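Quick note: the coordinates plus some simple rules give every number you see, no bench work behind them. These numbers were taken from a predicted model, which means no experiment stands behind them. When we count neighbours, we look across all protein chains shown, and the Cβ atoms used for this are built from the backbone with ideal geometry, even at glycine.
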Ligand SMILES: Cc1cc2nc3c(=O)[nH]c(=O)nc-3n(C[C@H](O)[C@H](O)[C@H](O)COP(=O)(O)OP(=O)(O)OC[C@H]3O[C@@H](n4cnc5c(N)ncnc54)[C@H](O)[C@@H]3O)c2cc1C
């Protein structure tokens, strides 16, 4: 019989669980129900009480490590915490969010427990023997009468989707954010088992966080809308002039009104290195595409971007796509977008910002 643990951690407030942790809880509940297996939820937080209360209705066993040492992400303390939680739970399946905090320690913890890890998991399902399903790839160490667990992930820059199954245990699975609905329920008083952790000598002192971008934070993985700026924003416009400051103000105006996440084409972010006028809030971290990011958002709006394949491959997980381009022959019009507005993005976004501003009043 499998034993499942979902590892979770607190957000910056220290009290609530991160959204990706709550997504992992949803995945754990579904898998436990399919396997009819016991579920444990492990919490790493300075004070896990509020987080545990938010999980009371799951009916899962809730165990936690707590204290000042777990306020900040740090390899030594987080690895010790996760190891202790997995050992107490006697877990054979370990689900965890693929957050930077847990991505850093999960492989090390799997190694300490003589386990196996797979990352970037997007779906998990129990497959009952004899019931036809997709042929599993990957390691099949031995035949098992138990329902096998099959997990899905993408390879080769999201071009190939694979279904994996393994008999190795414990099996650590790091889940990609945005692939499950975050668990949400009315809080209630939960029973928490506090787990004591033998901390190793701590050599690392966390003195603070340094964000990769200065000024406005424009990458928002939880946003419903992805707004993409292409190189057209900095190109000469029909009046023969560039309008970079105006472009910056229009883009930031839209981001402020909609809380959208800002993506960019490679051409636009590369311009910084060519000594051209650039939008100051863009870095290569904003780049979407083959050599950039593949974010998950419900909707995407591309502006001043040509929609070439190396860029659009990064839109694989954007459910509804729209584009504003001056070029009626751009890639978006050739089947890459659901709706294309052949129009001047300066005018469209100015109008949109005015409507959004009016809507606020
Ligand atoms: C190996 C490789 C990997 C790559 N990886 C990536 C990647 O990860 N991501 C990526 O983005 N690219 C990538 N590229 C580059 C990609 O092929 C394109 O060159 C790039 O996406 C073009 O960026 P763009 O569409 O913003 O610029 P452009 O091709 O210059 O297009 C600008 C567009 O803006 C339009 N425009 C101008 N003014 C306006 C206006 N006022 N209103 C509306 N539209 C306007 C123009 O009509 C034009 O269509 C890669 C290329 C290679 C070879």
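Which number do you get for Rg(Cα) / (2.2 N^0.38 Å) in the range 9-138? Walk me through the numbers before you get to the answer.
Details: Rg = 15.0 Å, N = 130, 2.2 N^0.38 = 14.0 Å.
Taking the Cα Rg and dividing by 2.2 N^0.38 Å, one obtains 1.07.
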- Express in whole angstrom the spacing between the alpha-carbon centres of the range 224-252 and the range 294-361. 13 Å
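Considering only DSSP beta bridges with both partners in the chain, what is the antiparallel share in %, to the nearest 5? Walk me through the numbers before you get to the answer.
Working: 12 of 61 bridges.
Roughly 20 percent of the beta bridges in the chain run antiparallel, per DSSP.
Give me 227, 172 sorted ascending by neighbouring Cβ count inside 10 Å, so fewest comes first. Kindly include the intermediate steps, with their values, before the conclusion.
On the way: 227 23, 172 28.
With the sparsest Cβ surroundings first, the list reads 227, 172.
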- Message: How big is the range 244-311 along each principal axis, measuring the range of its Cα positions in Å and listing the largest first?
- Response: 33, 29, 19
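Shape of the range 9-59 from its Cα gyration tensor (a ≥ b ≥ c, root eigenvalues): rounded if a/c is under 1.5, otherwise prolate when a/b > b/c, or oblate? Don't skip to the end; give the middle numbers.
Numbers: a/c = 2.73, a/b = 2.01, b/c = 1.36.
Prolate.
With a 10 Å Cβ neighbour count serving as the proxy for reagent exposure, in which order, fewest first, do 196, 153 appear? Intermediate values should be presented prior to the final figure.
Numbers: 196 9, 153 21.
Placing the least packed residue first, the sequence is 196, 153.
Roughly what % of DSSP beta bridges within the range 4-194 run antiparallel, to the nearest 5?
Values: 12 of 40 bridges.
Beta bridges within the range 4-194, antiparallel portion: roughly 30 percent.
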- DSSP-defined antiparallel bridges as percent of all bridges, the range 1-109, nearest 5: 5 percent
- Query: What nm value, rounded to one decimal, do you get for the distance between residue 341 and residue 87 when each label is placed 7 Å out toward the C-beta?
  - Reply: 5.9 nm
- Query: Based on DSSP H runs of at least 4 residues, each adding -39500 (n - 2.57), what is the mean residue ellipticity at 222 nm of the chain after dividing by all its residues, to the nearest 500 deg cm²/dmol?
  - Reply: -7500 deg cm²/dmol
- Item | Dmax and Rg, reported as Rg then Dmax, of the range 162-286 (C-alpha, Å) | 22.3, 69
- Message: Rounding to the nearest 10 and keeping the result within 0 to 90°, find how far the Cα-based axis of helix 75-89 lies from the longest principal axis of the chain.
- Response: 50 degrees
- Item | Cα-based helix-to-principal-axis angle, 244-258 vs the chain, degrees rounded to 10 | 40 degrees
- Would you please state the base-10 log of I(q)/I(0) at q = 0.10, 0.12, 0.13 1/Å for the chain, with intensities from the Debye formula using one equal scatterer on every alpha carbon? -0.73, -0.96, -1.05
- Message: What is the angle, in °, between the Cα long axis of helix 345-360 and the longest principal axis of the Cα atoms in the chain? Nearest 10 is fine, range 0 to 90.
- Response: 60 degrees
- Taking the Cβ of each residue in 124, 195 as the centre, tally the other Cβ atoms inside 10 Å and list the residues starting with the fewest. 195, 124
